[in-house]
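Each remark here refers to the structure printed beneath this line.
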Amino acid sequence: MSRVAYVNGRYVPYAKAAVHVEDRGFQFADGVYEVIAVNQGRLVDSSGHLQRLERSLAELRIGMPMTRAALLVVLQETIRRNRVRNGLVYLQVTRGAARREFAFPADTAPTVVAIARAVDMGKAAANAAKGVAAITRPDIRWGRCDIKSVGLLSAALAKQAAKEAGAYEAWLVDRDGKVTEGSSSNAWIVTRDNVLVTRGLSRAILGGITRSAVLELARREGLRIEERAFTVAEALDAREAFVTSTTSFVMPIVSLDGKPIGNGGPGLLAGKLRALYEAYMTGHGAGRPEWEAPFLAPPEAQAR
């Protein structure tokens, strides 16, 4: 549990942390967020996360509340005050507090909140060792999933459905019957020909920072990769499947809608990529790694 929260320039006791009742993040989901892993007290891929934060804010026409360097100080101090060695830090920026009107208010200062907490790494490792289940749900989200918006109700409904089904994650399926991503993760399969497949970047999915890191690790291993959409049927016919995210790292999916994937156990490639990613994270903890996963914007955004 976070002991201290950062709220608009002040570090306050977690139990007393609050924002204005007319904050637009609360009333309109008018804001964005980032979740960054903490390994051995250090941020993992902070550059990519803050690049994505800047881009999400720009897409919503919300100004950066401070420089990247200042935000890093806030995040690192929040981690320090909460004595987090291994866990995560959550950063949220909204348009700020203003009289409730749909149109953007003029000259409103953004609201900035940060909290940090430890994560039970043993539980995550146990899940990865046995693999986890996923279910499918229709993708009913808005058309700008590339923006890391705080408007997460549809994702929360999918995650709740997964929980009630005894599953770890829900894979969202578009109108063409193809998997977009998980409710809080990117989705991957390994075909019977040992090709690593994950959906390509577009406005239909979030460009995951862990996704970016795993793609680079896979390339360095010489693995065959295809960034394309895949169907639920392809997933069920795959040799293995997994998800990636800041909190899941690389998590093997061993069943989908109650049907086994592959041999019904964690796949060798998922295990290898998880080990490589954990070593990559540890590199962050020991000092600056030779490379950091960047944020990759979808092609239509890059073209603007």
Check: Tell me, which residue of the range 201-223 that is touching a residue at least 60 places away in the same chain (Cβ under 8 Å) and touching a Lys or Arg at 6+ places or on another chain (Cβ under 8 Å) is surrounded by the fewest Cβ atoms within 10 Å (Cβ to Cβ)?
Finding: 203
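What is the residue count in the range 107-128 for residues that are at negative phi and exposed (fewer than 12 other Cβ atoms within 10 Å of the Cβ)?
Selection size over the range 107-128: 4.
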Margin query: Residues to consider are 272, 259; find the one that is in contact with a Leu (Cβ under 8 Å, 6 or more places away or on another chain), under 21 Å from residue 134 (Cα atoms) and not aliphatic (A, V, I, L, M).
Written below: 259
Margin query: So, in the range 107-146, exactly how many residues are in a helix (DSSP H, G or I), under 19 Å from the mean Cα position of the chain (by Cα) and not aliphatic (A, V, I, L, M)?
Written below: 2
Notebook entry, point to check: Hey, among the residues in the range 224-271 that are closer than 23 Å to residue 209 by Cα and among the hydroxyl-bearing types (Ser, Thr, Tyr), which one's surrounded by the most Cβ atoms within 10 Å (Cβ to Cβ)?
Noted result: 244
Next item on the list: Working carefully through the options 88, 72, 50, find the one that is outside the structural domain of residue 281 (by TED's automatic domain parsing) and in contact with a strand residue (DSSP E or B) (Cβ under 6 Å, 6 or more places away or on another chain).
Entry: 88
Check: If you check 222, 200, which single one turns out to be under 21 Å from the mean Cα position of the chain (by Cα) and in a loop (DSSP other than H, G, I, E, B)?
Finding: 200
Check: Within the bounds of the range 4-12, is there any residue that is in a helix (DSSP H, G or I), buried (at least 19 other Cβ atoms within 10 Å of the Cβ) and at pLDDT 95 or above?
Finding: no
Next item on the list: Check off (1) within 19 Å of residue 152 (Cα to Cα); (2) touching a Leu at 6+ places or on another chain (Cβ under 7 Å) for residue 43 and give me the number that stays unchecked.
Entry: (1)
Check: Of these, 162, 156, which one is over 21 Å from residue 266 (Cβ atoms) and hydrophobic (A, V, I, L, M, F, W, C)?
Finding: 156
Item checked: Residue pairs meeting the criteria (Cβ under 7 Å; at least 6 apart or on separate chains; first under 22 Å from residue 239 (Cβ atoms), in the range 167-189; second crowded, with 24+ Cβ neighbours inside 10 Å and of a type in the set (Lys, Arg)) -> 186/211
Notebook entry, point to check: In the range 69-84, which residues are exposed (fewer than 14 other Cβ atoms within 10 Å of the Cβ), outside any loop (DSSP other than H, G, I, E, B) and of a type outside the set (A, V, I, L, M)?
Noted result: 80
Check: Quick one: which of 100, 52 is of a type in the set (Lys, Arg) and part of a helix (DSSP H, G or I)?
Finding: 52
Checklist line | Criterion: assigned by TED's automatic domain parsing to the domain that holds residue 168 and touching a helix residue (DSSP H, G or I) at 6+ places or on another chain (Cβ under 9 Å) - qualifying residue of 134, 97 | finding: 134
Item checked: Answer from 162, 156 - the residue that is surrounded by 16 or more Cβ atoms within 10 Å (Cβ to Cβ) and in a helix (DSSP H, G or I) -> 162
Notebook entry, point to check: Which pairs have Cβ atoms under 6 Å, sit 6 or more apart or on different chains, and link a residue in the range 1-25 that is at positive phi to one that is part of a strand (DSSP E or B)?
Noted result: 8/112
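Matching residues to (1) farther than 30 Å from residue 46 by Cβ; (2) in a helix (DSSP H, G or I); (3) modelled with pLDDT of 95 or more; (4) of a type in the set (A, V, I, L, M):
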{"position": "236", "(1), (2), (3), (4)": "yes, yes, yes, yes"}
{"position": "252", "(1), (2), (3), (4)": "no, no, yes, no"}
{"position": "273", "(1), (2), (3), (4)": "no, yes, yes, yes"}
{"position": "277", "(1), (2), (3), (4)": "no, yes, yes, no"}
{"position": "284", "(1), (2), (3), (4)": "no, yes, no, no"}
{"position": "289", "(1), (2), (3), (4)": "no, no, no, no"}
{"position": "292", "(1), (2), (3), (4)": "no, no, no, no"}
{"position": "297", "(1), (2), (3), (4)": "no, no, no, yes"}
{"position": "304", "(1), (2), (3), (4)": "no, no, no, no"}
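The values are calculated or read from the model by the stated rules, or taken from the named source; none is laboratory data. Owing to the predicted nature of the structure, the values given are computational and were not obtained by experimental measurement. Glycine also receives a Cβ, built like all others from the backbone with ideal geometry; neighbour counts cover every protein chain displayed.
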